[in-house]
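Asks: Before anything else, here's the structure in question.
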Amino acid sequence: MAKKVQFVETVLRDANQSLIATRLPFEKFEPMLETIDKAGFYAAECWGGATFDVCLRYLNEDPWERLRKIRAKMPNTKLQMLLRGQNVLGYAHYPDDFVKLFVQKAVENGIDVIRIFDALNDVNNLKVAMEATVKAGAIASGTISYTTSPVHTHAKYVQMVKELKEMGASTICIKDMAGIMGPQEAYDLVSAIKDAVDMPIDLHTHSTTGLAFMTYLKAVEAGCDIIDTAISPFSGGTSQPATETLAYALRQLGYQVDLDDEATTAMSDYFKGVRDEFVKDGTLMPKAMATDTQCLTYQVPGGMLSNLMSQLKQMNALDKFEEALAETPKVRADMGYPPLVTPTSQMVGVQAVRNVLDGQRYKTVSKEIKAYCRGEYGETPAPINPEIQKMILGNEQPLTTRYADSLAPIVEPTRQKLGDLAKSDEDVLSYIAFPNLAEKFFEERKAKEENCVTYTITEA
Ligand code: CO
């Protein structure tokens with residue numbers, strides 16, 4: 001019997017985030033939700049990541065309401081979200097009560113699959129979110145943030161997978177956020193995980209370097225069960241490879257692909273128009289659609305290269321680019337080889353620039369790097385260079401316990417503080433995640449409601 005390969009469609013989240021900075025408003029994709037629901041995807045990734053922040057900051061949408069509206073129009077497809085472990089959707093670690101309630105409410109509002117990752121692959125940062133997901137009755141997808149370094153061996157990844165299984169993961173996701181995983185690496189890693197555990201594996205990559213199609217094919221050959229793709233008009237470049245192309249190629253190779261071609265064609269026709277609007281207004285830049293192999297040469301994710309460049313430009317020091325680029329892997333090694341993903345990519349990049357511009361390494365250190373050296377981000381893949389850690393911390397001792405254990409509960413005090421301004425637990429959660437944005441949103445909502453009331457009275 002032909003092996004079945006399933007697809008996660010990313011147009012609503014990762015493709016949207018990678019190509020157009022998550023600026024897709026609900027009404028722009030609403031007409032396609034029923035069609036996406038009919039297409040036969042394993043799941044539609046539609047929430048979490050940057051969507052929450054952008055809904056409040058730029059789109060004047062309540063992210064919770066968006067989720068409920070998607071759910072109502074897509075009763076048959078699993079809805080998936082991306083969650084940064086103990087960081088939830090933000091950049092700092094939150095207390096456990098917030099993580100638990102957030103997960104519970106996400107599931108209550110319609111989420112079926114939560115993909116949970118940590119920038120350092122520290123499973124202690126995944127545990128609370130994983131357990132809350134299982135408790136809420138959703139699928140916990142335990143995630144490896146993929147990177148390469150002398151300490152990131154297959155044995156270590158397999159060990160992590162076993163720990164994730166222990167914590168209640170029912171699927172494993174290999175998340176190659178930089179698109180640096182090649183076909184042979186995919187084949188070997190998927191094989192190693194499949195040999196160790198009998199669990200569905202989902203591979204997530206980006207087309208940035210052009211490897212993605214080849215990487216997916218070899219991963220599938222090794223037994224990968226689910227791949228992440230984007231409908232063609234929102235595919236390629238910094239996004240995922242195209243859904244229809246992979247369906248075509250995999251069928252030709254004899255795999256079973258249960259996608260409804262009529263539905264994917266309708267999606268493709270519709271999203272072409274949406275894409276063209278974002279090209280016209282300049283949101284979708286040609287750079288995002290291009291293939292960029294620089295990250296293969298430098299082993300630095302594409303987004304980091306452009307950040308380095310813009311930082312140096314601001315400081316009038318673009319001539320130091322090569323030097324800063326060479327310094328980046330050294331800082332990463334000093335920091336114990338963290339995978340370069342938000343927030344570690346920014347922290348390492350900024351430090352590399354400082355080391356070069358100061359002409360002395362670690363002369364100035366950001367408060368984030370200091371917190372990192374204190375252990376607030378969790379256990380690093382390899383120990384931090386002890387001399388540098390001592391130089392940064394002075395007499396301060398690094399943490400020996402999980403940082404979140406030292407944080408006081410936040411939900412109840414915030415509920416009290418907000419009073420009437422918050423209409424639900426969801427509001428309280430939005431406020432804890434993004435206080436300024438949420439407060440502004442609540443006030444505008446209140447003003448709108450009052451206007452409506454006045455209007456009704458006048459009319460009566
Ligand atoms: Co991604």
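The values are calculated or read from the model by the stated rules, or taken from the named source; none is laboratory data. None of the values given here were measured: they were computed from a predicted structure. For neighbour counting, all protein chains shown are included, and Cβ atoms are generated from backbone atoms with ideal geometry for every residue, glycine included. These area figures cover heavy atoms from the full protein model, side chains too; ligands, DNA and RNA do not enter into them. Shrake-Rupley method; radii C 1.70, N 1.55, O 1.52, S 1.80 Å.
Asks: Scan segment 340-356 and tell me whether some residue there is open to solvent by 60 Å² or more (accessible area, probe 1.4 Å), assigned to a helix (DSSP H, G or I), among the β-branched types (Val, Ile, Thr) and not assigned by TED's automatic domain parsing to the domain that holds SER239.
Replies: No, segment 340-356 contains no residue that is open to solvent by 60 Å² or more (accessible area, probe 1.4 Å), assigned to a helix (DSSP H, G or I), among the β-branched types (Val, Ile, Thr) and not assigned by TED's automatic domain parsing to the domain that holds SER239.
Asks: Return a yes/no flag: does segment 279-286 have any residue that is in a helix (DSSP H, G or I), closer than 30 Å to GLU327 by Cβ and more than 14 Å from the ligand (Cβ to nearest atom).
Replies: yes
Asks: Pairs needed: first member in segment 9-31, in contact (Cβ under 8 Å) with a residue 24 or more places away in the chain and under 18 Å from PRO241 (Cα atoms); second member anywhere, within 12 Å of the ligand (Cβ to nearest atom) and open to solvent by 30 Å² or more (accessible area, probe 1.4 Å); C-beta distance under 8 Å; at least 6 residues apart or different chains.
Replies: These pairs meet every condition: SER18/THR238; LEU19/THR238.
Asks: For THR364, which of the numbered conditions (1) within 29 Å of the chain's Cα centre (by Cα); (2) at pLDDT 95 or above; (3) of a type in the set (Ser, Thr, Tyr); (4) loosely packed, with under 14 Cβ neighbours inside 10 Å fails to hold?
Replies: (1)
Conditions tested, residue by residue: (1) farther than 30 Å from ARG374 by Cβ; (2) at pLDDT 95 or above; (3) open to solvent by 50 Å² or more (accessible area, probe 1.4 Å).
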residue	(1), (2), (3)
LEU418	yes, yes, no
ASP425	yes, yes, no
VAL428	no, yes, no
ILE432	no, yes, no
GLU443	yes, no, yes
GLU449	yes, no, yes
THR454	yes, no, yes
THR458	yes, no, yes
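Asks: Go through segment 399-426 and count every residue that is part of a helix (DSSP H, G or I) and in contact (Cβ under 8 Å) with a residue 60 or more places away in the chain.
Replies: 6
Asks: How about segment 1-18: which of its residues are surrounded by 24 or more Cβ atoms within 10 Å (Cβ to Cβ) and in a helix (DSSP H, G or I)?
Replies: Scanning segment 1-18 gives ASP14, ALA15, ASN16, SER18.
Asks: Please verify whether ALA178 is touching a His at 6+ places or on another chain (Cβ under 8 Å) and in a loop (DSSP other than H, G, I, E, B), treating the condition exactly as stated.
Replies: yes
Asks: Restricting to helices (runs of 4 or more DSSP H) lying wholly in segment 40-123: which have 3 or more residues that are within 16 Å of the ligand (Cβ to nearest atom)?
Replies: Answer list for segment 40-123: 51-57.
Asks: Here's another thing I want to ask about it. Tell me which residues, restricted to segment 201-222, are within 19 Å of the chain's Cα centre (by Cα), away from the ligand (no atom under 13 Å from the Cβ) and over 22 Å from ARG251 (Cβ atoms).
Replies: THR209 - this is the single residue of segment 201-222 that is within 19 Å of the chain's Cα centre (by Cα), away from the ligand (no atom under 13 Å from the Cβ) and over 22 Å from ARG251 (Cβ atoms).
Asks: Also, I was wondering about something else. Just a yes or no: is a residue in segment 173-186 more than 16 Å from the ligand (Cβ to nearest atom), under 23 Å from GLN80 (Cβ atoms) and either open to solvent by less than 60 Å² (accessible area, probe 1.4 Å) or assigned by TED's automatic domain parsing to the domain that holds ILE114 (or both)?
Replies: no
Asks: In the list PHE271, PHE321, which residue meets the criterion of being in contact with a Pro (Cβ under 6 Å, 6 or more places away or on another chain) and either assigned by TED's automatic domain parsing to the domain that holds THR148 or over 26 Å from THR22 (Cα atoms) (or both)?
Replies: PHE271
Asks: Right, here's the next one. Taking into account only those residues within segment 1-39 that are within 16 Å of the ligand (Cβ to nearest atom) and among the charged types (D, E, K, R), which is nearest to ILE231 (Cα to Cα)?
Replies: By that ranking, first place goes to GLU9.
Asks: Evaluate segment 230-253: report whether one residue or more is of a type in the set (Val, Ile, Thr), touching an Asp or Glu at 6+ places or on another chain (Cβ under 7 Å) and either away from the ligand (no atom under 16 Å from the Cβ) or not in a loop (DSSP other than H, G, I, E, B) (or both).
Replies: yes
Asks: Conditions first: (1) modelled with pLDDT under 95; (2) of a type outside the set (Phe, Trp, Tyr); (3) within 28 Å of the chain's Cα centre (by Cα); (4) surrounded by 11 or more Cβ atoms within 10 Å (Cβ to Cβ). THR401 passes all but one, so which condition is the exception?
Replies: So the condition that THR401 fails would be (4).
Asks: Still on this structure, I have one more. Before we move on, is ASP198 open to solvent by less than 20 Å² (accessible area, probe 1.4 Å), among the acidic types (Asp, Glu) and at pLDDT 95 or above?
Replies: No, not satisfied.
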